[in-house]
Amino acid sequence: MSALAAAAVAVRELAADQRAALDACVVAALALSSSEGEARGRTRLLMECHGRYVRSFGVLDPAPPFKVFLERLRGSRVADLLPRQPRESALGELWLLDDDGMPSSALNRIAVEAAEYSHQAPGIGADIRHLHSLLRAVGMLSEGAGLSRISGETVQHAVFRALRAAGFEAYTQGREAMVRTPVLTRRELSRNAALTELGAYTEISPTRQFGGVWAACPMCGWTMRAIYRSNGAVDLECEDERHSLLGARYRAESVAGDWRLAPRGELRAVPELIPVEGHVALPYALWLWVTLPGLLEVELRDRLVAMGAEVRLWPFGDAYDLHVTVPGRSMSWRVDVKTWADPYGLAQKLRESPEGPGKLCFVVPEHLRGYLPVLRRGVLGTEARVLTDIDLVAEVGRA
C-alpha cells in the first residue's frame, strides 16, 4: 500500500496543532506552485499561511521565520514540517513540493481531504469552490462549512441523490457518464439534462492545461496535471498515483510552435492534445470519489459477467454498487466498492447507519489489501465482510 493511499488516515491521526500546521503548509505550497492570480495576492496568502503556521507551534516550540518556512516547503517530507514531527507516519514518505518547487501527487489529495482553507488557494481552490457550490445547491453543505469536514461518502450520497431525483434511468446514465467520461464537450453535456441541472462539470483547471490544450489519462480519461519545467517543457501525469506509475506520464515540448507529446513511462501510446475550448471536466473531488471507484465497479461487473455471473450495476441507487448472482447457485453478493482508503470513514458510516451494514460485502482494490485488518475491525459484530476485488472474483469463481 502506498503512502499516498494512507495519507487520509495519517492526517486523521494528527493532533489539532499538527493539522493546523499541515493546512497552512498545503495552502502555501499551492500558492507557491501556481502562476494564477497576481503576485501581490499570492504573497498576502503566503503571509497568512505563515501566521497560521506560527500559531500552530505555540511558544515553547517556535516555528521557523517566513523565509525559512517557504524554503522548507521545497523537498521537505510532510512529517518534518509539523510540530513534534510525527514518527512512523505515512506523512514521513510524502512531500508537497519537490526540490524545484513543483507540486507532488500528494498535494491536491491532501488539499481536498484535509485542508480547511484550500478553497482560498489558486489551482485546485477553484475546483473546491465549485464543489462547495454544488453541495450547497443540493442541500448537503451549509454556508461556511469546510470541505475537510466532508467525507467521500457524503459527496457521493449528495451527487447520487440529486441524480435520482430525475428518475432511475437518468440516474444510471448520469452516474455512468461521470465514470466513463469525466471530461465532456459542452454539446455532449447539454444532451444530458440531469448532469446539466446538477452542475457537476466545470471549466478545465489551469493546472491541468497548457497552451490552450489538455490531454486525457489513457486509464481514467480525466485531465492530466500539467507541470511546467524550467527548460520550457511541460510534464503531464495522471493525478492517480497508480495510473502514473503504470505509465500515464508524458512530456510535452514545443517544436516550431506545435506541442508534441512523448511518453515517460511504460505506455507507448500517446494521447491526443485536445483544445480546452468547448470542454468541461469534473472537479478533482468528484473524479476522486465518483470516477475512480466507478471504474472499479464497472471493471468488476465486466470481469464477473465474463465468468458467467449475473451482475446488476447500482441496483438500488447508492445503497450498494453490484448485486452478483451465479446461475444455479443460491449464494449472492451485495457489493459496496471502496477505493479512497479511509477505514475510519467506513467505521463512521457503520456507526451512523441505524440498520447497520447488513450482509454487504465491502470491496477494496487489491493495492489496499494492507487495510483489511482495520476495515474488518470496523464491521466486527455485523454480518458484513471486507475483501479485495481479487478475493471477490476468486470467491465467485469457486461458487
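The values are calculated or read from the model by the stated rules, or taken from the named source; none is laboratory data. Predicted model only: the values in this text are computed from it and were never measured. Here the Cβ positions follow ideal geometry from the backbone for every residue, glycine too, while neighbour counts run over all protein chains shown. Calculation scope for accessible area: heavy atoms of the full protein, side chains included, ligands and nucleic acids excluded. Shrake-Rupley method; radii C 1.70, N 1.55, O 1.52, S 1.80 Å.
List of remarks:
- Qualifying positions in region 39-72 - of a type in the set (Gly, Ala, Ser), more than 28 Å from the chain's Cα centre (by Cα) and either surrounded by 18 or more Cβ atoms within 10 Å (Cβ to Cβ) or assigned to a helix (DSSP H, G or I) (or both): Ala39, Gly51, Ala63
- Pairs where the first residue, in region 379-399, is in contact (Cβ under 8 Å) with a residue 12 or more places away in the chain and the second is open to solvent by 50 Å² or more (accessible area, probe 1.4 Å) and in a loop (DSSP other than H, G, I, E, B), C-beta under 7 Å, 6+ apart: Glu383/Lys359; Ala384/Lys359; Val396/Met307; Gly397/Met307; Ala399/Arg329; Ala399/Met331
- Scope region 74-116; condition open to solvent by less than 10 Å² (accessible area, probe 1.4 Å), over 14 Å from Tyr284 (Cα atoms) and part of a helix (DSSP H, G or I); matching residues: Val78, Ala79, Leu81, Leu91
- Looking only at residues in region 22-38 that are surrounded by fewer than 23 Cβ atoms within 10 Å (Cβ to Cβ), under 24 Å from the mean Cα position of the chain (by Cα) and of a type outside the set (Asp, Glu), the one that is nearest to Arg72 (Cα to Cα) is Leu32.
- For region 276-314, the set of residues classified as at pLDDT 95 or above, closer than 16 Å to Gly221 by Cα and open to solvent by 10 Å² or more (accessible area, probe 1.4 Å) consists of Val276, His279, listed by residue number.
- Scanning region 165-218 for residues that are of a type in the set (Phe, Trp, Tyr) and in contact with a Ser or Thr (Cβ under 9 Å, 6 or more places away or on another chain) turns up just one, Trp214.
- Qualifying residues in region 220-275 (those that are of a type in the set (A, V, I, L, M) and within 22 Å of the chain's Cα centre (by Cα)) - the one most open to solvent (accessible area, probe 1.4 Å): Leu245
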